[in-house]
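Coordinate-derived values only; no laboratory data. Computed from a prediction, not measured in an experiment: that's the story for all the values here. Cβ sites come from the backbone with ideal geometry, for glycine too, and all protein chains shown count toward neighbours.
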Amino acid sequence: MRTEVITMKEIENKNACNIYQALEGTPGVRVENQCQYCNFSMVRMQGLGSEHTQILINGQPMYSGLAGVYGLQQMSTVDIGQIEVIKGAGSALYGSSAVAGAINIITKEPSFEPSINIDVQFGNYNTNKYDISSSMRNEKGNIGVNIFAQKLTGNAIDETGAGITKNEVKNKDGISDRVATNLTNAGIGLFFNNVFLKDDKLIIRGKSVFEKRHGGTMVDDYYKNPLTDGTESITTDRYEAQLNYNKKIKTNSELNFTMAYVNHNRDATNDSYLGDYMATHNDSVPDVRNMRPYLANENSLTSTLTS
């Protein structure tokens, strides 16, 4: 199957902070924001919706429908080695969601020369980026470690409104075009060569993601109250653990075993409950004790054995 590769150098040249930005401009792939209130993102391939595109991390389907809603913007590029884009129906190989294709995100392996990289960027509207990563191996080169962390911040922005012409669109409408965000990624990877047998490799990875985002009506900072109409507030806590074992059998043959565990938590409030209540109760508002967030807790365990 034809596979297009987005290299680490291309990601750096784009100055892409997340997978959403890294995929932008890839032929046959369209990434888009679907909501001014929460900026939930989706990826389309071959003209089909996001539900038909499988997102993989080192070959494992670790992003469910719940996690994938904001997942493209929450996945840091600090630990990405390359991104493989496989277009066309591949459900038999990658799972039922790969009707349009699959996007496989390959993480970095440690370098043979010890390195520490720090990247700090500042921009308007509190658009700041802080990256740090470190990589090293032992003298034999058979044990290595990667450590990384990234923090992204950004204020809510309102720069456009409804319209057809350029002059019409370039008018503020009081609703966020970009939501306020505070996102932190951190992780570690351990690599062992010849750990059990000759020509085998064991990789253990761990990662955490924490994000708070909120947006909506910006007049008088209305969006900062998560229990009001015209606002959305989402808090995400995510923990990942992945184990991969690879053993070369012959020159062109190998055995791969991968297991991944994910704990994904999300607390979300939006104006749908309040709006529906007011519409059916003569514009009266509910008791504040009834204004509870949507709470989601997801645990998933996946494993794959291929040869």
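Here D119, D173 are placed in order of increasing Cβ neighbour count within 10 Å, fewest first, which gives D119, D173.
Ranking I204, A180, S284 by how far each Cα lies toward the positive end of the dipole of the chain (charges on Cβ) leaves I204 at the top. Relative to the longest principal axis of the Cα atoms of the chain, helix 65-74 runs at roughly 80 degrees.
For the listed residue pairs K14/K212; K87/K166; K14/K198; K140/K207; K140/K248, the alpha carbons are over 31 angstrom apart in K87/K166; K14/K198.
Note on P(r) over Cα pairs in 20 Å bins from 0, in percent: of the candidates [x] 32, 60, 9; [y] 25, 34, 21, 14, 6, 0; [z] 28, 55, 15, 1, the value calculated from this structure sits at [z].
For segment 95-112, the residues whose backbone nitrogen is under 14 Å from a point 7 Å from the Cα of Q46, taken along Cα to Cβ, are 95-103. For K9, a cut-off of 20 angstrom between C-alpha atoms picks up these lysines, skipping any fewer than 8 places away in its own chain: K108, K129.
Residue order for K170, K212, fewest other beta carbons within 10 angstrom first, comes to K170, K212. Treating each Cα of segment 162-307 as one equal point scatterer and applying the Debye formula with no solvent, the log10 of I(q)/I(0) at q = 0.10, 0.15, 0.16 Å⁻¹ comes out as -0.61, -0.88, -0.94. Taking 12 Å as the straight-line reach from the Cα of K151, the aspartates and glutamates in range (excluding those fewer than 8 positions away in the same chain) are D119, D131, E211.
Listed by chain and number, the aspartates and glutamates whose alpha-carbon sits under 17 Å from that of K250, ignoring those within fewer than 8 places in the same chain, are D199, D200. For L255, nonlocal amide neighbours, meaning residues 5 or more places apart or on other chains whose placed amide H falls under 5 Å from its own, are K247, K248, I249.
Dipole orientation for segment 3-306: of the candidates S253, A296, V219, S253 has the Cα lying most toward the positive pole (charges on Cβ; Lys, Arg +1; Asp, Glu -1). Taking amide H as placed 1.01 Å from N in the peptide plane, the amide H of D271 sits under 5 Å from that of G230, T231, each at least 5 places away or on another chain. In whole angstrom, how far apart do the alpha carbon centroids of segment 51-111 and segment 155-178 sit? If we compute the Cα centre of each part, the gap is 32 Å. Each Lys and Arg Cβ is given +1 and each Asp and Glu Cβ -1; about its Cα centre, the chain then shows a dipole of about 1120 debye.
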